[in-house]
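Shown next, in structure tokens, is the structure this report addresses.
The values are calculated or read from the model by the stated rules, or taken from the named source; none is laboratory data. Here the structure is a predicted model, which means the values were calculated and not measured. Note: ideal-geometry Cβ built from the backbone for every residue, glycine included; neighbour counts use all protein chains shown.
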Amino acid sequence: MIWAWGALAFWALATAGNVWLAQNHARNRAVRLVIPALFGATLLLLWEGMVRGLGVSPVILPPPSMIGARIAQSLPILWTDFNQTILKGALSGYFIGCAAAVAVAVVIDRSPFLQRGLLPVGNFVAALPIVGIAPILVMWFGFDWQSKAAVVVVMVFFPVLVNMVAGLKATDALQRDQMATWSASYWQGLLKLRLPAAMPFLFNGLKIATTLALIGAIVAEFFGSPTRGMGFRISTAVGQLDLPLVWAEIAVAALAGSAFYGLVAVIERGVTFWHPSQRGRA
Amino acid sequence: MKSVLPILTVVLAIVVLWYGATVGLNAQWTRDQAARAGVEVGFSDILRDTLSQTRPKLPAPHQVVAELWQSTWMEEVYGRRGIVQTGSLSNRSLIYHGWVTLSATMLGFAFGTGLGILLAIGIVHSKAMDMSFMPWAIASQTVPILAIAPMVIVVLASIGIKGLIPKAIIAAYLSFFPVLVGMVKGFRAPDTMQLDLLKTYNASRAGTFWRLRLPSSVPYLFASLKVGIAAALVGTIVGELPAGASAGLGARLLSGSYYGQTIQIWAALLAAATLAAGLVMIVGVIERAVLGRMGMRA
């Protein structure tokens with residue numbers, strides 16, 4: 001019981017501290033980092049305290065310390081799964097899908113007819129439960145990472161396509177007229193004006209696609225996979241009620257997802273440094 | 001209206017491509033069968049056979065439509081277990097499975113949306129909540145939450161919660177974050193001028209909320225509702241994947257993939273797509289009506 005009360009007391013203290021900090025030092029940059037960090041720590045501690053204090057079985061919800069120990073203990077397994085699912089399945093699918101979407105966007109950008117036809121269809125498909133095609137693609141491409149990459153390709157394609165087409169239209173008439181007075185060819189106009197102008201939109205799509213890529217790769221493994229991979233490990237460990245291992249995989253997936261997103265965001269900052277949303281954050 | 005022709009062209013092109021792919025992908029099997037039987041097959045034989053296999057690699061569109069018709073109208077009206085014969089939906093019909101998925105989706109969506117709006121109200125009015133919670137809410141969008149869906153189902157089943165609720169929890173979780181982030185943006189949409197005007201009227205916090213913040217957040221609400229309901233449906237379908245779930249479109253997908261019933265998979269997929277499109281469209285219609293009444297036609 002001491003654990004539970006201790007956690008509750010810490011929660012109250014931390015909340016009071018956060019309220020005080022937010023009211024008195026909200027402008028301080030360090031405080032802006034401390035407050036969410038404190039909140040996160042509170043959640044972890046509350047979780048630990050409640051699980052220990054109320055005697056929740058680790059089969060239902062293991063405490064964070066147990067998950068941490070499990071991560072340290074099964075690093076080789078986690079690395080194999082990470083390699084299989086993220087590096088092979090998600091990343092290769094992400095690159096193929098995004099490259100294909102950008103290429104298709106540039107092609108259909110030349111034809112207003114195709115745009116009017118493809119964009120509504122693309123928007124429609126983007127709202128569909130695309131993960132559902134996972135069983136079909138697993139049948140076509142086999143159990144290994146190729147089928148996972150195929151699922152990821154289909155999942156990331158439409159969000160990136162829709163954003164890229166919008167981005168290619170983002171230049172205004174004045175800018176295009178300027179290129180015309182310089183007698184720029186189509187390709188010069190594309191490379192020097194419209195592709196750079198499309199970058200903020202493209203990166204918007206790329207960032208959405210990072211999460212989708214991980215989801216696609218992991219969920220596709222529920223339909224069949226070799227005996228490694230994060231989705232495989234999650235579904236088998238759940239079957240064995242080895243919940244700490246499941247949570248360890250989830251922690252890895254969360255870290256990988258945030259790191260992937262962060263990486264794309266950093267590249268975005270480098271590429272679109274001129275855009276108003278990026279200025280003044282250097 | 002002028003985009004009808006292009007859309008039809010694209011859809012037609014997709015159907016043509018689909019038929020082409022059907023012939024291409026299924027031809028191997030036909031040739032193998034013919035070689036085993038020692039028969040010579042011509043192009044017309046291949047064409048006829050590839051479009052009518054019972055377990056094709058890729059079923060032709062008309063096979064999928066036929067299966068959809070068979071497993072909805074025919075099953076319910078004429079089937080031995082259909083609603084006409086027994087008074088309850090047949091467990092072999094997609095209407096039954098679609099209803100199971102839809103009810104969990106709607107329950108989760110309602111909870112997720114309600115919670116998201118409530119939390120957004122809290123965040124807009126409390127600086128401490130904003131500063132401690134928002135970074136995590138945004139960061140959590142980069143986490144592949146969907147991947148833990150099966151675990152939630154199994155863990156809740158082990159403490160005795162089964163059926164609708166676990167799936168609804170996943171759906172709620174997935175629709176919660178888009179609504180939260182969208183509504184925080186929406187409640188902050190009024191600019192300083194408008195807020196200052198209400199201050200000169202000596203409006204209370206509640207008055208400002210009801211008369212200014214809430215109305216100006218409505219467009220944001222509907223934008224995030226559309227994302228949220230699609231996410232809720234995906235969450236429910238993935239939640240139905242773990243073995244043991246016997247009803248729902250996700251279970252239908254999984255059993256189809258176990259037994260190699262490709263036509264069944266595609267029919268379930270098409271049903272899910274129709275459901276998703278229908279839900280998003282309903283939200284869109286409500287959006288147009290509400291915004292029209294408020295004089296903010298989108």
Residue pairs within 7 Å by beta carbon, gap of at least six or interchain, first lying in segment A:231-249 and at positive phi, second surrounded by fewer than 19 Cβ atoms within 10 Å (Cβ to Cβ) and in a helix (DSSP H, G or I), listed first then second, are none
Within segment B:235-247, of all residues that are in a loop (DSSP other than H, G, I, E, B) and at the interface with another protein chain (Cβ under 9 Å from one of its Cβ atoms), the one surrounded by the fewest Cβ atoms within 10 Å (Cβ to Cβ) is B:ALA243
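Determine, yes or no, whether B:THR105 is polar (S, T, N, Q) and in the same structural domain as B:LEU249 (by TED's automatic domain parsing). Lay out the reasoning, then the answer.
Numbers: polar (S, T, N, Q): yes; in the same structural domain as B:LEU249 (by TED's automatic domain parsing): yes.
Taking the combined requirement at face value, the residue satisfies it.
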From the option list B:THR105, B:THR101, B:THR142, single residue qualifying as closer than 25 Å to A:ALA37 by Cα, surrounded by 15 or more Cβ atoms within 10 Å (Cβ to Cβ) and in contact with a Ser or Thr (Cβ under 8 Å, 6 or more places away or on another chain) is B:THR142
By residue number, the members of segment A:146-156 that are surrounded by fewer than 24 Cβ atoms within 10 Å (Cβ to Cβ) and within 14 Å of another protein chain (Cβ to nearest Cβ) are A:VAL154
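Kindly state which helices (runs of 4 or more DSSP H) lie completely within segment B:140-234 and contain at least 2 residues that are without any contact (Cβ under 8 Å) to a residue 60 or more places away in the chain and either within 22 Å of the chain's Cα centre (by Cα) or within 14 Å of another protein chain (Cβ to nearest Cβ) (or both).
On the way: elements: B:149-158, B:164-187, B:192-200, B:205-208.
Counting at least 2 such residues, we get B:149-158, B:164-187.
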By residue number, the members of segment A:238-254 that are under 22 Å from the mean Cα position of the chain (by Cα) and facing chain B (nearest Cβ under 9 Å) are A:VAL246, A:TRP247, A:GLU249, A:ILE250, A:ALA253, A:ALA254
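Would you say A:VAL131 is closer than 30 Å to A:THR227 by Cβ, in contact (Cβ under 8 Å) with a residue 40 or more places away in the chain and within 14 Å of another protein chain (Cβ to nearest Cβ)? Walk me through how you get there before you give the answer.
On the way: closer than 30 Å to A:THR227 by Cβ: yes; in contact (Cβ under 8 Å) with a residue 40 or more places away in the chain: yes; within 14 Å of another protein chain (Cβ to nearest Cβ): yes.
When the stated conditions are applied, A:VAL131 passes them.
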Those residues of segment A:47-69 that are part of a helix (DSSP H, G or I) and over 29 Å from the mean Cα position of the chain (by Cα) come to a total of 5
For helices (runs of 4 or more DSSP H) lying entirely in segment B:20-82, having 1 or more residues that are of a type in the set (Lys, Arg) picks out B:43-50
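Okay, residues lined up against (1) surrounded by fewer than 22 Cβ atoms within 10 Å (Cβ to Cβ); (2) among the β-branched types (Val, Ile, Thr); (3) in contact with a helix residue (DSSP H, G or I) (Cβ under 6 Å, 6 or more places away or on another chain); (4) not assigned by TED's automatic domain parsing to the domain that holds A:LEU202:
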position	(1), (2), (3), (4)
A:ARG116	yes, no, yes, no
A:PRO129	no, no, yes, no
A:LEU137	yes, no, yes, no
A:ASP144	yes, no, no, no
A:THR171	yes, yes, yes, no
A:ASP177	yes, no, no, no
A:ALA180	yes, no, no, no
| message | Any residue that is touching a Gly at 6+ places or on another chain (Cβ under 9 Å), assigned by TED's automatic domain parsing to the domain that holds A:ARG233 and buried (at least 19 other Cβ atoms within 10 Å of the Cβ) - is there at least one of those in segment A:40-54? | response | no
Within segment B:248-263, can one find any residue that is surrounded by 23 or more Cβ atoms within 10 Å (Cβ to Cβ), in a loop (DSSP other than H, G, I, E, B) and either more than 7 Å from chain A (Cβ to nearest Cβ) or among the aromatic types (Phe, Trp, Tyr) (or both)?
yes
